[in-house]
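Everything on this sheet refers to the single structure shown next.
The values are calculated or read from the model by the stated rules, or taken from the named source; none is laboratory data. These figures come from a predicted structure and were not determined experimentally. All Cβ positions, glycine included, derive from the backbone under ideal geometry; neighbour counts span all protein chains shown.
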């Protein structure tokens, strides 16, 4: 069998394995930032907004503080929405997977070229196919492929690799066509600009034939200057576009860095974070959608020191292996890993100290290094291995087993990402100190009606994140569902005071007010929210609903309801009247209206519940308990009445 046929067979096997591994991820739900960047974002629902994507960075998301200039991401989301004709995650996953496969093809040729520069093998294609399979089936990469919002990581990585392929080709290099994927990558995610640094390293190591230690020699200055000369166009264009996008195209409302954290403490904590990333690369048993890594102090903490030792060890290996041409791919891979981590693991504090989907781009470097190290060992021991016939079969079998194990891990991670509940339950186990994980798992419980369980997790989250507006919104929702409307409104107001730029505070508070017929207040909040985020689909929908209700003010006013109750004295009209009195602070009149409703229907549980609420406001706890008990005698499953009675019982207990 010829080598070409073998390569074709291995490539087919790899593609089939990749399909099998990711076969269970195509219907996984939207997660994390997908909701404000896709689900609630009206801009991505119309491809006619293409020009706007490239001129207005606010189109990427409805979350004001998260708006950044990534027009290619917004365009891809709009295309996927158009393909599906609805907000169907399948088409988003299909698109991401397609470009993932394209990346795999590009990686094979990229690895082949880098390995060929070492001049160790006459044909390094089989090592390249091994490296490609390793990266494509790497368990940790499932974090990026499953998370639709992380398509910026996977696609910008493809652009960096594509730029290298076009640079390798003399014809496309001559016309600077390799800059086009680089620019596409920068417009996808800012990390695309790291191609400039990687290109300089490649030129210096392989084209100038220099080692890292030569940087310290004045005799080698010419090689450094030649490197910058060859990369000059990429440096100027790449850095200029990056800086222009950052300072002129990124909305001013964007919160770029966490200013509450010391730059030094963040930087030293990254020593441990990098150790965490290395651990996930080798043995990915602790992957988490939202790691709970916190700032570590002092700087001499053992976890930081251990991380620093490992980092220095890797840099030492990079220096050592850069001295010989045949080992330089190892050095290049190590340097790639660290350079690709610079945007998130340097002196600029991010709000998330660690995130396992950030390693997609850096891991190419580790795969490159480890694969070529294995290749060198096989070459060094080739004579001995050829004498041992069994080794000829055991080594490929061992390689296949390792890759299969990573693939199995990826398949299992797909299951974790399948629903919000499974994902966030996993986070609570892997990252027990993560307040956001606690809140999101509570959301999953609340969605299936487990209000007590949700409230418990929200309270645990509040211990970690007492000033997080999203948490206060959800506390409001769950307390309302449990029958504590006054607590709910307090939480809504707290959410607004904590973060008046969070559009979700306005929507959810307004949505709650609409259910109470407080439509004027709701509309005022919605209009403020719309000023912050004009494309928020739910705000647009709710405003439209309110605009289509005729004479809102008249129909919810006391005179109108009094007239309705007098003209049509039904239990329902008296109940509406009681609510109007309640919201107007006229609690005794509320009770009278409810009593009239009960005169018409003595089994009207809602009327007894409103009486209970009014007595609670009047602090007549025993009467409130009696009224709610009557409501529960009629309807034992009446959650609102349970909540109001619980409130009265708690207050009565305090008086004893």
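Contact map, the range 240-252: first residue closer than 19 Å to residue 196 by Cα, second residue modelled with pLDDT of 90 or more and surrounded by 17 or more Cβ atoms within 10 Å (Cβ to Cβ), Cβ cut-off under 6 Å, separation 6 or more or different chains; pairs are 241/186; 242/186; 242/193; 245/69. The test for being assigned by TED's automatic domain parsing to the domain that holds residue 524 and surrounded by 21 or more Cβ atoms within 10 Å (Cβ to Cβ) does not hold for residue 611. Residues in the range 441-491 that are under 18 Å from residue 504 (Cα atoms), part of a helix (DSSP H, G or I) and without any contact (Cβ under 8 Å) to a residue 24 or more places away in the chain: 458, 475, 489, 490, 491.
From the list 400, 375, pick out the single residue that is assigned by TED's automatic domain parsing to the domain that holds residue 316, under 30 Å from residue 317 (Cβ atoms) and either without any contact (Cβ under 8 Å) to a residue 12 or more places away in the chain or not in a helix (DSSP H, G or I) (or both). Going through 400, 375 in turn, the sole match is 400.
Look at residue 491 and say whether it is surrounded by 20 or more Cβ atoms within 10 Å (Cβ to Cβ), over 20 Å from residue 33 (Cα atoms) and at pLDDT 90 or above. Yes: the conditions hold for residue 491.
Of the numbered criteria (1) crowded, with 22+ Cβ neighbours inside 10 Å; (2) closer than 30 Å to residue 422 by Cβ, the one residue 59 fails is (2).
Mind checking whether some residue in the range 549-563 is at pLDDT 80 or above, within 26 Å of residue 607 (Cβ to Cβ) and surrounded by 19 or more Cβ atoms within 10 Å (Cβ to Cβ)? Yes - at least one qualifying residue is present in the range 549-563. The one condition from (1) modelled with pLDDT of 95 or more; (2) farther than 27 Å from residue 377 by Cα; (3) in contact with a helix residue (DSSP H, G or I) (Cβ under 8 Å, 6 or more places away or on another chain) that residue 109 does not meet is (2). Scanning the range 300-329 for residues that are farther than 18 Å from residue 366 by Cα and under 32 Å from the mean Cα position of the chain (by Cα) yields 300, 301, 302, 303, 304, 305, 306. Residue 47 meets each of the listed conditions (1) outside the structural domain of residue 326 (by TED's automatic domain parsing); (2) surrounded by fewer than 20 Cβ atoms within 10 Å (Cβ to Cβ); (3) in contact (Cβ under 8 Å) with a residue 12 or more places away in the chain; (4) within 16 Å of residue 137 (Cα to Cα) apart from (4).
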